[in-house]
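Asker: My questions will all concern the structure given below.
The values are calculated or read from the model by the stated rules, or taken from the named source; none is laboratory data. A quick note: this is a predicted structure, and the numbers were derived from the prediction, not measured. Quick reminder, even Gly has a Cβ in these numbers, built from the backbone with ideal geometry, and neighbours come from all protein chains shown.
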Amino acid sequence: MTVLMEEKPRVGTKYIAALRARFGNSILDESWQAPDQVTVTVPLNSLPDVVAMLYYEQGGWLASVAANDERPLNGQFAIYYILSVEGSPDDPNPSQKAYVVVRAQIPPHQPEFPAVTPKVPAAIWYEREVRDMFGIHPVGMPDERRLVLPDDWPDGLYPLRKDTMDYRYRPEPTLEDENYEFINVEGEGIVQVPLGPLHMTSDEPGHFRLYVDGENIVDADYRLFYVHRGMEKLAESRLNYDQVTFLADRICGICGYAHNVAYSTSIERALDIEVPARAQYIRTVLLEVERLHSHLLNLGLACHFVGFDTGFMQFFRVREKAMKMAEMLTGSRKTYGVNLIGGVRRDILKEQRTTVLQLLGELRAEVATLVSMLLETPNIVQRTQNIGRLEPQVARDFSPVGPTLRGSGFARDIRVIHPYCAYDRVPWHVVSKDGCDVLSRTLIRAEEFFESVSLIERCLDTMPAGPVLTEGFKYKPYAFALGYVEAPRGEDIHWSMLGDNQKIYRWKCRASSYNNWPSLRYMLRGNTISDAPLIVASIDPCYSCTERVTVVDVRKKKATIVPYKEMERYCIERTDSPLKQQS
Amino acid sequence: MLKLLKEVLKVGEATLPYPFEPVEVMPGFRGKPHHDPELCIACGACAIACPPNALQMATDLDQGFQSWSLFMGRCIYCGRCEEVCPTGAITLSPDFELAVMNKQDLFEQADYRLAECRRCGKYFAPVKEIEYVEALLQKSGLADDELTSARALLKLCPECKRKNDVSKMVSLYQEKKDVPR
């Protein structure tokens, strides 16, 4: 049941040829994990140049960076820069789109590497995370602060090193206070507005600090990762590689299935498992069902944040049909627990197909009515057009993903660029807009919703018969590969390396919002404070409510607290600024 | 605005009277696992498969008990236990109402007697598991003499089995002086 990789032509050879032409002997090794996945090993000193060349000259986007403690294997640390290389814009025929992974080894006696961030800004979060989790120091970083580890975590304890700690170990906090240093913006009349410690509109608590001049946001900074769950460590330590699919589900409460498929495909690729065609179609259907309810949730919240709460209620009422669909097809409202390595556990039966088609028809009609109502609301365009602009150049530098990127004129969707499951077997098209603003991102979600409805219908119509699960494959020690899925918020990338004991040696999972956060700062700049919640909502991080917002006046050195409800009310009503009441 | 009003009127009430009336779940819904202690043979397959360790097995070699336990606070309703159970003792029910007033009510436990080794008398495996294997042997179509010796071995603990093997080897060696290596 395995596919011989040699049979398929390799995609992306021209990038390797270009690298060899430029860097010659610096390309130490080249290994192919799949026809469109290649890992090249380079010396540490050439790392920034190689990554920068792929990124800016060959049309690369930074998908993820994974560090790995390979000391038990070869005595070295390793770092993998994972780029989706899509051809330079000047290339007349940019047909070859491949994942090129740049790997470098780092000696344990000198755990540092030249930072790539000064050349490719998109790497900033990844390199800060590598320093936190592995204690490998990126030299030349513009930002020396912690990213993932809490401020009270002991120095010198690096959780993902193989020899440091058990996954159950909980060190005593080293200090009482939060001492994270936010960036310092000074100037006449500039006031800091911290939002947090729980971030409004986001499930994950996060501390935002807005620097405002009057009502205008001059800059923004944020501290996230308050709820880091240590899943990668847990997966490596306690679970077997086939149990990790159930943990991958739980990464996100909205797009859990996308993570699950990304993880499963990474293992399937590493082990050369061919997933049956019918299972590929079923996965596509379920991924799109997930997109339906995720986009409806975001559209509902878009209504809420412009003060159109009836619309919010209506979107959530209709969304219930998508949830029912998920419950029927997977046995759980959250599309959890249907994937196994090698396929899916449930087939789609004839009567289920009929019900899904009927529900899709109803959804299409009802959502069309609601979307037209939302767009006819007088203040929606006024509130969202030219608000929270993500300039194409900023987008190019920071590799945001999903509707956030597609709203800034890049028609980039992993489902087309690196087709997986059945996305290359059914016709559909990518939605992109060039307004660069909140409106564009919202409209993209609305249009993608209808695209998803058609995708599910076409999959159900053309689904081949046959088995849904491949069993009896062999576990290959230390094989590794990438898995990727275009989740509702953008691509989820999983890099997995198997161990030698039915476990995962290293699992680096990167959720879509991770790539969207760093560019948010640029979207907030130049807008008024009442638009902040709307802008944050437009990148669609997982939502929740938060309790309060703190306002700091740097000139008076005084902190005051504005309740979150007040902040939200101000976003909706835009009268009686809470800042004016405070001063 | 008029369109919206019309839509709202057309839809009417969208909320359900739950919890005053029950809510139907879709067929195939995975809810609270139901354990049938009669069918269960305490083999522990479910505890090995369970990703969040909600299902666990504990062995008490002094008292001679094997306990199967389920902690609902950890269960993720994946249904792997149902898939791996050889006797169909675990099934996922459509029951989704899991709130309890007391945390202890989230635990479920079933104890199974362990069998004693025929030779050394130590506890080594659940009685029901041995009975299950015996029934399988019965159906396997082995010849009568093979069946008898297989049954006899079944009642030995792993350590006594090893000793048995060694003494067999020794007697082979003494008889033929030609030992398989």
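Asker: Can you pull out the residues in the stretch B:77-101 that are within 11 Å of another protein chain (Cβ to nearest Cβ) and either touching a Pro at 6+ places or on another chain (Cβ under 6 Å) or at positive phi (or both)? Spell out the reasoning first.
Answerer: The initial filter retains those residues of the stretch B:77-101 that are within 11 Å of another protein chain (Cβ to nearest Cβ), namely B:77-80, B:82-83, B:92, B:94, B:96.
Scanning the stretch B:77-101 gives B:Tyr77, B:Gly79, B:Leu92.
Asker: List pairs: first in the stretch A:250-262 and in a helix (DSSP H, G or I), second among the small types (Gly, Ala, Ser) and surrounded by 21 or more Cβ atoms within 10 Å (Cβ to Cβ), Cβ under 6 Å, 6+ apart or cross-chain?
Answerer: A:Ala258/A:Ala487; A:His259/A:Ala248; A:Asn260/A:Ala248; A:Ala262/A:Gly483
Asker: Turning to a different aspect of this structure: Looking at A:Leu47, A:Leu62, can you tell me which residue is under 23 Å from the mean Cα position of the chain (by Cα) and surrounded by 20 or more Cβ atoms within 10 Å (Cβ to Cβ)?
Answerer: Values: A:Leu47 fails: under 23 Å from the mean Cα position of the chain (by Cα).
Sole residue among the options that is under 23 Å from the mean Cα position of the chain (by Cα) and surrounded by 20 or more Cβ atoms within 10 Å (Cβ to Cβ): A:Leu62.
Asker: With the requirement that a residue be within 14 Å of chain B (Cβ to nearest Cβ) and either among the hydrophobic types (A, V, I, L, M, F, W, C) or touching a His at 6+ places or on another chain (Cβ under 6 Å) (or both), what does the stretch A:216-244 give you? Working first, answer last.
Answerer: Quick first cut of the stretch A:216-244, residues within 14 Å of chain B (Cβ to nearest Cβ) only: A:229, A:231, A:234-235, A:237-244.
Hits for the stretch A:216-244 are A:Met231, A:Leu234, A:Ala235, A:Leu239, A:Val244.
Asker: Filter the stretch B:48-72 down to residues that are within 14 Å of chain A (Cβ to nearest Cβ), part of a loop (DSSP other than H, G, I, E, B) and in contact with a Phe, Trp or Tyr (Cβ under 8 Å, 6 or more places away or on another chain) and give me whichever is nearest to B:Leu92 (Cα to Cα).
Answerer: Going residue by residue through the stretch B:48-72, those that are within 14 Å of chain A (Cβ to nearest Cβ) are B:48-56.
Now restrict to residues that are part of a loop (DSSP other than H, G, I, E, B): B:50-54.
From what is left, the residues that are in contact with a Phe, Trp or Tyr (Cβ under 8 Å, 6 or more places away or on another chain) are B:51-52, B:54.
Numbers: B:Pro51: 16, B:Pro52: 16, B:Ala54: 14 Å.
Within the stretch B:48-72, the match that is nearest to B:Leu92 (Cα to Cα) is B:Ala54.
Asker: Just wondering, is there one or more residues in the stretch B:62-84 that are touching a strand residue (DSSP E or B) at 6+ places or on another chain (Cβ under 7 Å) and loosely packed, with under 14 Cβ neighbours inside 10 Å? Please lay out each step first, then the result.
Answerer: Step one: list which residues in the stretch B:62-84 are touching a strand residue (DSSP E or B) at 6+ places or on another chain (Cβ under 7 Å), which gives B:64-71, B:75, B:77, B:79, B:81-82.
Next, only the ones that are loosely packed, with under 14 Cβ neighbours inside 10 Å stay: none.
Looking for residues that are touching a strand residue (DSSP E or B) at 6+ places or on another chain (Cβ under 7 Å) and loosely packed, with under 14 Cβ neighbours inside 10 Å, one finds none in the stretch B:62-84, hence no.
Asker: Moving on to the next point. For the stretch B:136-162, enumerate the residues that are surrounded by 11 or more Cβ atoms within 10 Å (Cβ to Cβ) and touching a residue at least 12 places away in the same chain (Cβ under 8 Å).
Answerer: If the condition is that a residue be surrounded by 11 or more Cβ atoms within 10 Å (Cβ to Cβ) and touching a residue at least 12 places away in the same chain (Cβ under 8 Å), then B:Leu137, B:Ala150, B:Arg151, B:Ala152, B:Leu154, B:Lys155, B:Leu156, B:Cys157, B:Glu159, B:Cys160 are the ones that fit.
Asker: Any residue in the stretch A:141-159 that is in the same structural domain as A:Ile124 (by TED's automatic domain parsing) sitting within a Cβ distance under 6 Å of a residue that is small (Gly, Ala, Ser)? List the pairs, counting only those 6 or more apart or interchain.
Answerer: Matching pairs, first to second residue: A:Met141/A:Ala115; A:Tyr158/A:Gly135.
Asker: Of the residues A:Arg506, A:Arg425, which single one is outside the structural domain of A:Glu30 (by TED's automatic domain parsing) and not in a strand (DSSP E or B)?
Answerer: Values: A:Arg506 fails: not in a strand (DSSP E or B).
It is A:Arg425.
Asker: Determine, yes or no, whether A:Ala270 is touching a strand residue (DSSP E or B) at 6+ places or on another chain (Cβ under 9 Å) and more than 24 Å from A:Met373 (Cβ to Cβ). Working first, answer last.
Answerer: Details: touching a strand residue (DSSP E or B) at 6+ places or on another chain (Cβ under 9 Å): yes; more than 24 Å from A:Met373 (Cβ to Cβ): yes.
Answer is yes for this residue.
Asker: So which pairs qualify, if the first residue must be in the stretch B:29-47 and more than 14 Å from every other protein chain (Cβ to nearest Cβ), the second must be assigned to a helix (DSSP H, G or I) and of a type in the set (Ser, Thr, Tyr), the Cβ gap must be under 6 Å, and the two must be at least 6 apart or on different chains?
Answerer: What qualifies is B:Ile41/B:Tyr132.
Residues are listed down the side, and each one gets a yes or a no for (1) buried (at least 24 other Cβ atoms within 10 Å of the Cβ); (2) facing another protein chain (nearest Cβ under 9 Å); (3) within 26 Å of A:Val381 (Cβ to Cβ); (4) in contact with a strand residue (DSSP E or B) (Cβ under 7 Å, 6 or more places away or on another chain):
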| position | (1), (2), (3), (4) |
| --- | --- |
| A:Phe246 | no, yes, no, no |
| A:Leu296 | yes, no, yes, no |
| A:Met313 | no, yes, yes, no |
| A:Val318 | no, no, yes, no |
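Asker: Continuing with the same structure: I'd like the full set of residues that are more than 8 Å from every other protein chain (Cβ to nearest Cβ) and charged (D, E, K, R), limited to the stretch B:1-20.
Answerer: B:Lys6, B:Lys10, B:Glu13
Asker: Which one of B:Val166, B:Val133 is in a helix (DSSP H, G or I), among the β-branched types (Val, Ile, Thr) and loosely packed, with under 13 Cβ neighbours inside 10 Å? Step through it out loud before you land on a result.
Answerer: Working: B:Val133 fails: loosely packed, with under 13 Cβ neighbours inside 10 Å.
Step by step, each of B:Val166, B:Val133 is checked, and only B:Val166 is in a helix (DSSP H, G or I), among the β-branched types (Val, Ile, Thr) and loosely packed, with under 13 Cβ neighbours inside 10 Å.
Asker: Which of the helices (runs of 4 or more DSSP H) found entirely inside the stretch A:38-152 contain at least 1 residues meeting this: more than 23 Å from A:Tyr15 (Cα to Cα) and among the β-branched types (Val, Ile, Thr)? Break it down into steps so the answer makes sense when it comes.
Answerer: Working: elements: A:47-52, A:71-74, A:124-134.
Ranges flagged: A:124-134.
Asker: Next question. So the check is Cβ under 6 Å with 6+ separation or different chains; which pairs have a first residue in the stretch A:104-118 that's touching a residue at least 60 places away in the same chain (Cβ under 8 Å) and a second one that's in a loop (DSSP other than H, G, I, E, B) and not hydroxyl-bearing (Ser, Thr, Tyr)?
Answerer: Going by the 6 Å Cβ cut-off, the qualifying pairs are A:Ala104/A:Val42; A:Ile106/A:Ile136; A:Ala115/A:Gly140; A:Ala115/A:Met141; A:Pro118/A:Gly140.
Asker: Next question. Suppose we filter A:Leu370, A:Leu405, A:Leu390, A:Leu439 for residues that are closer than 20 Å to A:Ile539 by Cβ, more than 18 Å from the chain's Cα centre (by Cα) and not assigned by TED's automatic domain parsing to the domain that holds A:Ser519; which single one remains?
Answerer: Values: A:Leu370 fails: closer than 20 Å to A:Ile539 by Cβ; A:Leu405 fails: more than 18 Å from the chain's Cα centre (by Cα); A:Leu390 fails: more than 18 Å from the chain's Cα centre (by Cα).
Unique residue meeting the criteria: A:Leu439.
Asker: Do we have A:Gly361 as more than 20 Å from A:Glu288 (Cα to Cα), surrounded by fewer than 19 Cβ atoms within 10 Å (Cβ to Cβ) and small (Gly, Ala, Ser) here?
Answerer: Working: more than 20 Å from A:Glu288 (Cα to Cα): no; surrounded by fewer than 19 Cβ atoms within 10 Å (Cβ to Cβ): yes; small (Gly, Ala, Ser): yes.
No, not satisfied.
Asker: Does A:Gly343 satisfy being away from chain B (no Cβ under 13 Å), in contact (Cβ under 8 Å) with a residue 40 or more places away in the chain and touching a strand residue (DSSP E or B) at 6+ places or on another chain (Cβ under 7 Å)? Before the answer, list the steps.
Answerer: Working: away from chain B (no Cβ under 13 Å): yes; in contact (Cβ under 8 Å) with a residue 40 or more places away in the chain: yes; touching a strand residue (DSSP E or B) at 6+ places or on another chain (Cβ under 7 Å): yes.
So A:Gly343 fits the description; yes.
Asker: Among the numbered criteria (1) more than 9 Å from every other protein chain (Cβ to nearest Cβ); (2) in contact with a helix residue (DSSP H, G or I) (Cβ under 8 Å, 6 or more places away or on another chain); (3) closer than 25 Å to B:Arg30 by Cα; (4) surrounded by 24 or more Cβ atoms within 10 Å (Cβ to Cβ), which one does A:Thr330 miss?
Answerer: (1)
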